[in-house]
Amino acid sequence: MMCSSIRGDDFGLRDYPNIDIQTTVNLLITLHVALALTIIFNPLNQEFEECLNLSHDFGWQRIISRAFVMISVVFVAESVPNFGVLLDLVGGSTVTLMALVLPIVFNLSLTTIKKKRENKENEETITVKEIFQNSDKVKLLLNILILAFAILGGIAATFSAMQTMLQSEFSPPCYARLWNEEIRLLEAQKTASFQHGKIACCGLFRNVSAMGSADVCLNVDALAKMGPAHG
């Protein structure tokens with residue numbers, strides 16, 4: 001339900017008038033997150049258990065190891081609140097390699113190894129020249145075009161993400177307020193100033209905005225506490 005609430009805010013579902021559609025979308029998103037976590041975390045959990053030489057049978061050791069992995073992931077997620085910048089960097093670099101560059105390289109290499117095996121040649125090492133000689137010319141041309149597009153796009157995306165990362169300001173994690181008095185004061189001031197929204201709206205009850213939703217409007221009491229603006 002926490003995941004559905006978060007994603008519901010991101011998609012603006014709370015402003016959608018039909019409650020049934022809101023509930024259906026939230027349930028589907030929650031189901032997607034739950035199943036995606038199971039698929040993505042399973043290889044990580046198995047690799048971690050293999051490193052610890054744990055039995056593949058169900059037991060308390062596996063429960064502790066998987067709970068430790070989940071707690072570690074949550075800690076990293078809370079330590080990097082603005083994860084979008086890092087996600088752009090990963091998407092522009094490693095995802096580009098994994099989805100476009102490496103599959104093409106592996107396919108061309110395996111095709112060359114197969115043909116060398118058929119010709120009873122040494123297949124332990126291959127060269128770029130042998131890949132060009134043993135690959136179909138049309139397939140090779142298409143793969144080269146895809147590789148060029150992927151490499152240029154990956155470099156551009158990685159460079160853009162690094163620029164954004166250098167220019168962005170990372171906010172401290174939520175658990176830092178436990179020992180940082182300044183962060184606690186800033187959070188208290190933010191809560192007092194923006195109890196509802198962030199815009200001083202119009203109307204008798206200060207709830208009319210050009211955006212059509214009262215969620216963006218400041219609370220009347222908070223607006224009175226802020227006082228008049230000074231130039």
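The values are calculated or read from the model by the stated rules, or taken from the named source; none is laboratory data. All figures in this text were calculated on a predicted structure; none of them were measured in a lab. As a convention, Cβ positions derive from the backbone with ideal geometry for all residues, glycine included, and neighbour counts pool all protein chains shown.
Of all residues in region 80-89, those that are loosely packed, with under 15 Cβ neighbours inside 10 Å and either among the hydroxyl-bearing types (S, T, Y) or assigned to a helix (DSSP H, G or I) (or both) total 4. Close contacts from region 64-87, counting a first residue that is within 14 Å of F48 (Cα to Cα) and a second that is modelled with pLDDT of 80 or more and not in a helix (DSSP H, G or I), with Cβ to Cβ under 7 Å and a gap of 6+ residues or different chains, come to S65/L52; S65/L54.
Per this entry, M98 is counted among residues that are in a helix (DSSP H, G or I), of a type outside the set (F, W, Y) and under 23 Å from Q163 (Cα atoms). Summed over region 90-102, residues that are loosely packed, with under 13 Cβ neighbours inside 10 Å and of a type in the set (G, A, S) total 1.
What are the residues in region 103-141 that are hydrophobic (A, V, I, L, M, F, W, C) and surrounded by 12 or more Cβ atoms within 10 Å (Cβ to Cβ), if any? Within region 103-141, I104, V105, L108, I113, I126, I131, F132, L140 qualify.
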